[in-house]
Each structure stands twice: as C-alpha cells, then as structure tokens.
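Visitor: Have a look at the structure that comes next, please.
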Amino acid sequence: MTERDVLIIGGGPAGLSAALVLSRARRSVAVVDTGEPRNATAEHMHGFFTRDGMPPGALLETGRTEVRGYGGEIIDGRAERAAPADGGGFVVTLADGTRLTGRRLLVTTGVTDVLPDVPGLQERWGREVQMCPYCHGWEVRDERIVVLASSPQSLHQVTLLTQWSPDVTLLTSKAPEGEDAARLDARGVRVVESEARRVIVENDRLRASSWRTARSSAATPCSSRPRSPRRTARWPTSAARPARTAS
Ligand SMILES: Cc1cc2nc3c(=O)[nH]c(=O)nc-3n(C[C@H](O)[C@H](O)[C@H](O)COP(=O)(O)OP(=O)(O)OC[C@H]3O[C@@H](n4cnc5c(N)ncnc54)[C@H](O)[C@@H]3O)c2cc1C
C-alpha cells in the first residue's frame, strides 16, 4: 500500500486549498471526496473575490485540476473510517473497501445544514431559501424577506438583512422584548409571533410562506427566505479524530 504524506478527507474549498498548498510543497497528497459540498444546491456563489457569480461546481473543478497539476490525487469515494495505523500514521477505509495510508490526516468534511421540518423548505434550499446575506443578499435586495427564527443569532441576522431590504419579517415562536424589540422596531422589522407552516411554490418559484397564529392562518408573498439553519459536523465523533496537519 502506497503511503502518502497527507490524506485529506473532503474535497471542498477547504480540502482542495490544503491539497494545493501541500502538493506544491512536494508532499504526496490524496483527497477523498464524495462530491457533495455544502452549497451544492446554489446555482452561483458570490462574494468570493475574482470568482463572483461562478457556479460552485466550476470552482471545485478548477481546484481539482490545479491539485492534479502538481501531482495530487483526487479519489471519488466516501471515507467511512479513519484510524491510527500500527507504527504511526493513519489508515482510511473507503466505502468500497479501499484502504489508504498516510503519515498525516486532514479532515475537511465541512458541515451539514439541518433545516427545520417545514414542508417545502428543503426543496428550495440554496435557491430562495438561503442562510447568508453576504452570499445572496444582493440577489434579493428590496424584495420581501422572511426570517425563520431558529436561534438567538436570528435577531442579529434579521437586523443585518435590513441592509438589503426595507421589507423584512421575523417569524418567531416568541417575540423579542425590551431592547431587542426596540432595535427591530427602529429598523422597521415586522415581527410575527407564530409557527411556520409551509412554503408555497408556484411555477418552480417560492411565492409565499404561511404560518399559523393563535387565531388564524396567514400567508405572505415572499421571494426569499433567509434563515440560520443548525449545522452539524460531517465527520462522526466516534471516528478517530486525527486532525493534525503535515509538518
Ligand atoms: C446554500 C449555500 C450557499 C452558499 N453560498 C456561498 C456563496 O455564495 N459564497 C461563499 O463564499 N460561500 C457560500 N456558502 C458557504 C460555502 O458553501 C462554504 O463556506 C464552503 O462550502 C465550505 O467549504 P468546505 O470545504 O469546508 O466544506 P464543503 O464545501 O461542504 O466540502 C466538504 C466536502 O467533503 C466531502 N465529504 C464529506 N464527508 C465525506 C466523507 N466521509 N468522505 C469523503 N468526502 C466527504 C463532501 O462531499 C464535500 O465535497 C454557501 C453555503 C450554502 C449552504
């Protein structure tokens, strides 16, 4: 079995950046990647200097080509297990049973966004349902934006979004009080104390979101709906955690 200097699990921007620098430093590198980056559903990426508007897949393809140009290997596959090897280094086992060994192991598997269980939300993720104003706020400037409150950070996000649109609604199970309420009021944010029910899609476009109040149901048109999803690490915590980089 060929031992590489560095095995990298995850070939997104983080893994490919590391692979590029390491392969240019004459380290033998293999990147294992399942090809499911976090922003896979987004048609375009924004705010990345010199690459604004580029499809995310094109960025990664360019990165793969650059890494290969310095002798780095890209292996399409899923790493299922990583463990310390006898005598030092690490062994990574792929789903198809392939075993790779490396002196060092870098885990760059990213995070998975866990959306609330609201019908229709997952299907629009990365399209009209977004999470980062700096990535896609410009694309929905001046449109109606509804923010699903999912954590204390949602207050920060809803405040930020007033930079992009004067029509921002916070949908929350508990309306903010005191200073928080005053801050939202000063920025013209509408607060709806209610539970999200579903999103309404027409002609492949998100047209409205609906919610349930104590007394009635309501629906509002909204062409975009940024929110802060919960994120979980992609590498199981039960696996070995050999996150040291090459020296
Ligand atoms: C909808 C959306 C839109 C976004 N838009 C923008 C934007 O416009 N501009 C911007 O700067 N940022 C944007 N982001 C953020 C951007 O996607 C992340 O910052 C970036 O993807 C992080 O890179 P990463 O390499 O850490 O993780 P990822 O890109 O998620 O890459 C991780 C890689 O690891 C692989 N992997 C995971 N587990 C395994 C395994 N067991 N074995 C092998 N491979 C594995 C995955 O398939 C994936 O290819 C957006 C995010 C989302 C969710």
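The values are calculated or read from the model by the stated rules, or taken from the named source; none is laboratory data. Just so it is clear, the structure is predicted and the values come from calculations on it, not from any experiment. For neighbour counting, all protein chains shown are included, and Cβ atoms are generated from backbone atoms with ideal geometry for every residue, glycine included.
Visitor: Identify, from the list VAL67, VAL31, the residue that is near the ligand (Cβ under 10 Å from one of its atoms), at pLDDT 95 or above, surrounded by 15 or more Cβ atoms within 10 Å (Cβ to Cβ) and not assigned by TED's automatic domain parsing to the domain that holds SER154. Break it down stepwise before answering.
Guide: On the way: VAL67 fails: near the ligand (Cβ under 10 Å from one of its atoms).
Criteria check complete, one pass: VAL31.
Visitor: Step by step: first the residues of the range 7-28, then only those that are more than 23 Å from the chain's Cα centre (by Cα) and part of a helix (DSSP H, G or I), then the one that is farthest from the ligand (Cβ to nearest atom). Which residue is that?
Guide: Looking at the filtered set, the residue picked out is ARG24.
Visitor: Tell me yes or no: at least one residue of the range 6-19 is out of contact with any Asp or Glu (no Cβ under 8 Å at 6 or more places or on another chain), farther than 17 Å from VAL107 by Cα, surrounded by fewer than 19 Cβ atoms within 10 Å (Cβ to Cβ) and in contact (Cβ under 8 Å) with a residue 24 or more places away in the chain.
Guide: no
Visitor: Does LEU100 satisfy the criteria of being among the hydrophobic types (A, V, I, L, M, F, W, C), crowded, with 19+ Cβ neighbours inside 10 Å and closer than 30 Å to ASP52 by Cα?
Guide: no
Visitor: While we're on this one: Are any of the residues in the range 103-119 surrounded by 18 or more Cβ atoms within 10 Å (Cβ to Cβ), modelled with pLDDT under 95 and either more than 30 Å from VAL168 (Cα to Cα) or over 13 Å from the mean Cα position of the chain (by Cα) (or both)?
Guide: Yes: one or more hits.
Visitor: Mind checking which residues of the range 53-64 are under 19 Å from ALA18 (Cα atoms) and more than 9 Å from the ligand (Cβ to nearest atom)? Show your work before the answer.
Guide: Looking only at the range 53-64, we keep the residues that are under 19 Å from ALA18 (Cα atoms), and these are 56-64.
If the condition is that a residue be under 19 Å from ALA18 (Cα atoms) and more than 9 Å from the ligand (Cβ to nearest atom), then GLY57, ALA58, LEU59, GLU61, THR62, GLY63, ARG64 are the ones that fit.
Visitor: Kindly evaluate ARG141 against the criterion of being basic (Lys, Arg) and not assigned by TED's automatic domain parsing to the domain that holds GLU36.
Guide: Details: basic (Lys, Arg): yes; not assigned by TED's automatic domain parsing to the domain that holds GLU36: yes.
Against the criterion (basic (Lys, Arg) and not assigned by TED's automatic domain parsing to the domain that holds GLU36), ARG141 qualifies.
Visitor: Is it true that THR98 is more than 7 Å from the ligand (Cβ to nearest atom) and at pLDDT 95 or above?
Guide: Criteria met by THR98.
Visitor: Next up: Can you tell me which residue in the range 145-188 is surrounded by the fewest Cβ atoms within 10 Å (Cβ to Cβ), limited to those that are touching a Ser or Thr at 6+ places or on another chain (Cβ under 9 Å), more than 20 Å from PRO116 (Cβ to Cβ) and not hydroxyl-bearing (Ser, Thr, Tyr)?
Guide: The selected residue is GLY188.
Visitor: Could you run through the range 43-52 and say how many residues are near the ligand (Cβ under 6 Å from one of its atoms), of a type in the set (A, V, I, L, M, F, W, C) and surrounded by fewer than 19 Cβ atoms within 10 Å (Cβ to Cβ)?
Guide: Residues flagged as near the ligand (Cβ under 6 Å from one of its atoms), of a type in the set (A, V, I, L, M, F, W, C) and surrounded by fewer than 19 Cβ atoms within 10 Å (Cβ to Cβ) within the range 43-52 amount to 1.
Visitor: Within 9 Å of the ligand (Cβ to nearest atom), among the acidic types (Asp, Glu), more than 18 Å from VAL111 (Cβ to Cβ) and out of contact with any Gly (no Cβ under 7 Å at 6 or more places or on another chain), is that true of GLU80?
Guide: Judged against the criteria, GLU80 is a match.
Visitor: Within 16 Å of the ligand (Cβ to nearest atom), part of a loop (DSSP other than H, G, I, E, B) and among the polar types (S, T, N, Q): does that describe SER165?
Guide: Against the criterion (within 16 Å of the ligand (Cβ to nearest atom), part of a loop (DSSP other than H, G, I, E, B) and among the polar types (S, T, N, Q)), SER165 does not qualify.
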